[in-house]
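The values are calculated or read from the model by the stated rules, or taken from the named source; none is laboratory data. Predicted model only: the values in this text are computed from it and were never measured. Side chains are part of the model used for accessible areas, which takes the heavy atoms of the whole protein and leaves out ligands, DNA and RNA. Shrake-Rupley method; radii C 1.70, N 1.55, O 1.52, S 1.80 Å.
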Amino acid sequence: MLGYIRPCKPELRIREYEIYKSVYCGQCRQLGKVFGPFARLTLSYDFAFLSLLQMGLNDTQADIKQSRCEVNPFLKKSICQSCDEIDYTCTVAMLMIYHKLQDNFQDNGIKDKLLSAAAYPFILPAYEKAGKRFPEIELIIASMMCKQKELEQAKCSSVDQACEPTAKAMEEIAAGLSSDAVQQRILRRFGYLLGRWVYQIDALDDLTDDVKKGNYNPFAVKYELTDADEHKIAQVKEQAKASLYMTIGEIGTAYELLDIKRYKPILDNIIHLGLKDSVDRLYSSCSKKI
Amino acid sequence: MSDPYKVLGISPNATDDEVKAAYRELARKYHPDRYVNNPLADLAQEKMKDINEAYDTIQKMRRVSSNRSYADNQNYQANNQFADIRRLISQNRIPEAEELLKGIPINQRNGEWYFLMGSIFYRRGWLDDAYTAFSRASSLDPNNSEYREAVSRMSFQRSNGRPFGQSDYRQTYYNCGGCGGCDICTGLMCADCCCECLGGDLIRCC
């Protein structure tokens, strides 16, 4: 499944894990109900986290009911019923996914181009529907994705600058999680750093493939990696790890200022343990693409 | 002011030691040193103020003399040409600060210049560039503690993947206090050693 912002499962209490899973399933249900069955394929841990964070800030209790999974009807699951928070993050997810699809279509190989083209007629109406709900956010995300393209074409060698468009997009999404001005300030900084981290870890995950295919990768450009030499790639990965760790540190510092009224243990787990775990997983000997 | 026990996240029946531990944990989390140059520093300062007030109130209520020893914000040195730029940065007027800083000729770009550049990068969220700039500042001026501390804060985060000054989440999560098996054994061994030093023998086989 998609997404890097995940909990560290072994450290969650069972009760907390059940709540987290119910929000994740609730997200899936909402995507299918509002944006069509195809939209379920865009289900992501990242947006499940944002839903839970928004519920935590608004002190919204998850309304959990048992029902059958719509993808696998043999399974009975606890599903968080639709609420404003899940509605917001699902809608915003459509905006991000549309641009990612365009990105995949333009950059990647034949297989990805075909998949993106096939998904396009389903995602476009969802994107337009989402854009009507949040036009300001849609505008900012669209302009940030344009900037991203420009930076990649110019082969930007600064990781900080390469991260900026995704960071700014996430900053805007995070600001929409609360209507309180003080919380919004903190959420902006938090969202910026989180977006930066997501871009970095994605680049790190794709590093070997990008170098082999000659695609843009900010770490490859910064450390002048031209061939897929395993030793060189390992060295670059170590440098990149320090940068990711540093970002996690700053994310934590901003996160602690948020006034979270509910589900703090689950959110703490994701921020203080989950983010680092996602990075460390890329370095384990049996690591696969996340 | 709201319930001081709620601010510290403890029950009104907490022991004095538990009150102190809760205060120390929170003070460490929101200490100004962790938010140096951070655009959210003022919010951390407010939280720190609430925490201090809550602790003082509880101490007064329990009639124990308070022993608050955490320092307030650092005083920046304002005796150089970069004072204006520092002020702009602390007011979060980043584009103006950056313009002024970039206007300074290359032959005058000393440690302070790199430190201020690092501060601007840090506020913007460009952490890698901030780390590079802070490191450069510290190498140009190794005796400056402010630059050194900025570098060490970021180095800590680069190595550990958690906020500077925060204890390992797993340790605090599992912190159940009290006495474990290891504690008892160690205690007995120490007691036996002390006893033997004084001529006795607590545990014959050790």
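Here are the numbers for this structure:
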item	result
Of A:K132, A:K222, A:K264, the one that fluctuates the most in a GNM where chain A has Cα springs shorter than 10 Å	A:K132
1.4 Å probe, heavy atoms, protein only - residues of segment B:133-167 losing at least 40 Å² accessible area vs chain alone	B:Q157, B:R158, B:G161, B:P163
Share of carbon and sulfur in the accessible heavy-atom surface of segment B:1-65 [1.4 Å probe, %]	49 percent
Relative contact order, percent, segment A:1-54 [alpha-carbon distance under 8 Å, six or more residues apart]	53 percent
Projected area, mean over directions - segment B:106-166, Cα convex hull, nm²	4.2 nm²
Chain A, accessible area per residue, ligands and nucleic acids excluded (1.4 Å, Å²)	45 Å²
Proportion of all alpha-carbon pairs of the protein assembly as shown beyond 43 Å (%)	24 percent
Global size of segment A:105-237 as Cα Rg and Dmax, reported in angstrom	16.9, 50
With Cα atoms, 0 to 90° folded angle of helix A:110-133 axis to chain A main axis	40 degrees
Mean Cα-pair separation over length for chain A, i.e. relative contact order, pairs under 8 Å, 6 or more apart, %	23 percent
Percentage, to the nearest whole number, of Cα pairs in chain A over 28 Å apart	37 percent
Residues along segment A:4-25 losing 50 Å² or more of accessible surface when the other protein chains are present rather than the chain by itself (probe 1.4 Å)	A:E11
Heavy-atom accessible surface of chain A: percent carbon and sulfur, 1.4 Å	55 percent
Residues of segment A:246-261 buried by at least 50 Å² on assembly (accessible area, 1.4 Å probe, chain alone as reference)	A:M246, A:E250, A:T253, A:E256, A:L257
Solvent-accessible surface (1.4 angstrom probe) belonging to A:K212, in square angstrom, nearest 10	140 Å²
Under-21-angstrom lysine pairs by C-alpha in segment A:197-284, whenever the two are 8 or more apart or on separate chains	14
Accessible area that becomes buried as A packs against B, both chains, 1.4 Å probe, Å², nearest 100	3200 Å²
Heavy atoms of B:S135: accessible area, 1.4 Å probe, square angstrom to 10	40 Å²
Cut-off under 5 Å, modelled amide H: who pairs with A:Y4 long-range	A:D46
Probe 1.4 Å - accessible area at A:E152, Å² to nearest ten	30 Å²
Backbone HN-Hα couplings from phi across segment A:144-160 [Karplus 6.51/-1.76/1.60, Hz, Gly and Pro as x]	5, 5, 4, 4, 4, 4, 4, 4, 5, 5, 7, 6, 4, 9, 9, 4, 4
